[in-house]
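Peer 1: Structure in structure tokens, see below.
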Amino acid sequence: MGPLRAAAARGLRRGGGRGRGAATGAGKGSKGPAAPGGRPAPPAALHLFGDPAEVEALRGRLLAWYDQSKRDLPWRALAVIEPDVNRRAYAVWVSEIMLQQTQVATVIDYYNRWMQKWPTLQALAEASLEEVNELWAGLGYYSRGKRLQEAARKVVSELAGEMPRTAEELQKLLPGVGRYTAGAIASISYGQATGVVDGNVIRVLCRLRCIGADPSSPPVIDRLWAMANALVDRSRPGDFNQALMELGATVCTPKAPLCGECPVKQHCRARLRVEKELALASQKLLGKLPPVPDVEDCAVGDCPLCPPAAEPWDSSLGVTNFPRKAAKKQPRVEQTATCVLERRGRRGALEYLIVQRPSSGLLAGLWEFPSVPLAPGLQQEQQREVLRDHLQAWMGLPVAAGSLRFMGEVVHVFSHIHQTYVVYSLPLDGDVTLDLASSPSRWVTEEEFRASAVSTAMKKVLKACERQRGEESGPAKGSKRKRGAKPGAGDSTRPGTQLSLCAFLRAPNPP
């Protein structure tokens, strides 16, 4: 559901700054199939909540279910018990940023540690970016933490520490806060009656009203925002929005939804469609003519919210026919050569050399092992030479390509990149003088490495090296050591041997 939530969070950002009344009419001006006279065709009654009594009933059923079934989450507790309005809004804000593209179970521990370390906007504003990156490490989408701190500093320095009080002001004044996040903060923290649209809400609304058009397209997103703003409960907007998201996360799931447990199944037209399809199939088996079409059924072709004619109803999918999956762009494929430089520290502990990435771009400001992008199609020896040249230019010293030991490959998938790290190791018995101005670097122990602001991908790289060393240090399967022989006797070049700085810079002896 990543692309759906991303599209919803954009708001689509052109909707920023509009009042709630304007948002309700967001569908106006959307480009859709033309009706007579050149106007976009209006959605059929099938896709609308036209009965005020039904809206009230849906609100009541959903809120009653939420009161009884909601998950006990730390940010929800803070939103209820925190008396200070700025702290309350900050707590909700942090949770919403962390929950973007990330599972709730993963976020809980990060959220608790974050709020313990920086319980207020002022505390976060005073932190260093390095501290923020260290705590965020492993959560992914690292620019989120950076933008959150930038916005906190703006609130402290430019807004006298006072959070904006409406969704419109939140989106306008705070960097990194889009339409969804602004709506969540405003409704939960301030009680503003404004809707939210994320991936879970998209799924619920599309099923409730049989919306089968591309849910990431601007016209459909506009309709969904208008619907969310119309449905939100005026007396409990924060709870209603959380209930709608909770329903999508726990009951109205992407696959195998629990329709029998749904508190608003009476209002679900996707479920009604399934029942009609089953009844129609039974009638056909009995040789009966199909019934006269329901006046609320859409005519395929003109409705901007119906599924395209090229994607007919699939009876095997049931309600999961809605929403239609948006076309997903395939991630680009990249390869990177990575070198794990290691030495024995003063106390004998193994240490690794890590360098800091640039302050902008992918994984900005994080630490990693020395790495260099690889052109596609290179053979292993060519990759080794590219890495050697990179290390030589970086360290200002000659490096023998034969000293680089291949340790395996690590695959890590970012949202838009399918990255393969080709991992080499280089054990040293000395230090290397580096130009710290061009590339900040430091030696760290394994414990320090894991506590540093390093990505999950780099943790995988280190794990691959440790696994390879473990496999190489043990005897080969089925082999036996000669009686009286010492481990490693006669094998001065066995894997894992520490090389002196001079030794690793020398080219290997020719065969």
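The values are calculated or read from the model by the stated rules, or taken from the named source; none is laboratory data. This one's a predicted model, so the numbers in the text were calculated from it and none came from an experiment. Backbone-built Cβ (ideal geometry, glycine too); neighbour counts: all protein chains shown.
Peer 1: Considering each residue of the stretch 139-195, count those that are of a type in the set (Ser, Thr, Tyr) and in a loop (DSSP other than H, G, I, E, B), and give that number.
Peer 2: Of the residues in that region, 4 qualify.
Peer 1: Please verify whether residue 160 is surrounded by 18 or more Cβ atoms within 10 Å (Cβ to Cβ) and at pLDDT 95 or above, treating the condition exactly as stated.
Peer 2: no
Peer 1: Give the stretch 366-382 a look and list any residue that's among the hydrophobic types (A, V, I, L, M, F, W, C) and touching a Ser or Thr at 6+ places or on another chain (Cβ under 9 Å), or say none.
Peer 2: Result: 366, 367, 369, 372, 374.
Peer 1: Please state which one of 191, 176 is out of contact with any Gly (no Cβ under 6 Å at 6 or more places or on another chain) and closer than 24 Å to residue 77 by Cβ.
Peer 2: Numbers: 176 fails: closer than 24 Å to residue 77 by Cβ.
Only one candidate qualifies: 191.
Peer 1: Would you pick out the residues in the stretch 169-191 that are surrounded by fewer than 23 Cβ atoms within 10 Å (Cβ to Cβ) and either touching a residue at least 40 places away in the same chain (Cβ under 8 Å) or not assigned by TED's automatic domain parsing to the domain that holds residue 143 (or both)?
Peer 2: Within the stretch 169-191, 172, 176, 178, 190, 191 meet the criteria.
Peer 1: Something else now. Give 426, 434 a once-over and let me know the one that is modelled with pLDDT of 90 or more, in contact with a Phe, Trp or Tyr (Cβ under 8 Å, 6 or more places away or on another chain) and either not β-branched (Val, Ile, Thr) or not assigned by TED's automatic domain parsing to the domain that holds residue 141 (or both).
Peer 2: Numbers: 434 fails: modelled with pLDDT of 90 or more.
Being modelled with pLDDT of 90 or more, in contact with a Phe, Trp or Tyr (Cβ under 8 Å, 6 or more places away or on another chain) and either not β-branched (Val, Ile, Thr) or not assigned by TED's automatic domain parsing to the domain that holds residue 141 (or both) holds for just one of 426, 434, which is 426.
Peer 1: Could we say that residue 310 is more than 11 Å from residue 210 (Cα to Cα), modelled with pLDDT of 70 or more and surrounded by 10 or more Cβ atoms within 10 Å (Cβ to Cβ) here?
Peer 2: In short, no.
Peer 1: Within the stretch 106-135, which residues are hydrophobic (A, V, I, L, M, F, W, C), outside any loop (DSSP other than H, G, I, E, B) and modelled with pLDDT of 95 or more?
Peer 2: 107, 108, 114, 115, 121, 123, 124, 125, 132, 135, listed by residue number.
Peer 1: Sticking with this one: For the stretch 338-392, which residues satisfy the criterion of being in contact with a Lys or Arg (Cβ under 8 Å, 6 or more places away or on another chain), aliphatic (A, V, I, L, M) and under 16 Å from residue 465 (Cα atoms)?
Peer 2: Passing the criteria: 350, 353, 354.
Peer 1: Tell me whether the stretch 250-260 contains one or more residues that are crowded, with 19+ Cβ neighbours inside 10 Å, modelled with pLDDT of 90 or more, small (Gly, Ala, Ser) and part of a helix (DSSP H, G or I).
Peer 2: Within the stretch 250-260, not a single residue is crowded, with 19+ Cβ neighbours inside 10 Å, modelled with pLDDT of 90 or more, small (Gly, Ala, Ser) and part of a helix (DSSP H, G or I).
Peer 1: May I ask you to list the residues in the stretch 105-130 that are surrounded by 15 or more Cβ atoms within 10 Å (Cβ to Cβ), of a type outside the set (Phe, Trp, Tyr) and within 21 Å of the chain's Cα centre (by Cα)?
Peer 2: As a first pass, look at the stretch 105-130 and keep what is surrounded by 15 or more Cβ atoms within 10 Å (Cβ to Cβ): 107-108, 110-111, 114-115, 118-122, 124-125, 127, 129.
Applying the additional criterion that residues be of a type outside the set (Phe, Trp, Tyr) yields 107-108, 115, 119-122, 124-125, 127, 129.
Those that are surrounded by 15 or more Cβ atoms within 10 Å (Cβ to Cβ), of a type outside the set (Phe, Trp, Tyr) and within 21 Å of the chain's Cα centre (by Cα): 107, 108, 115, 129.
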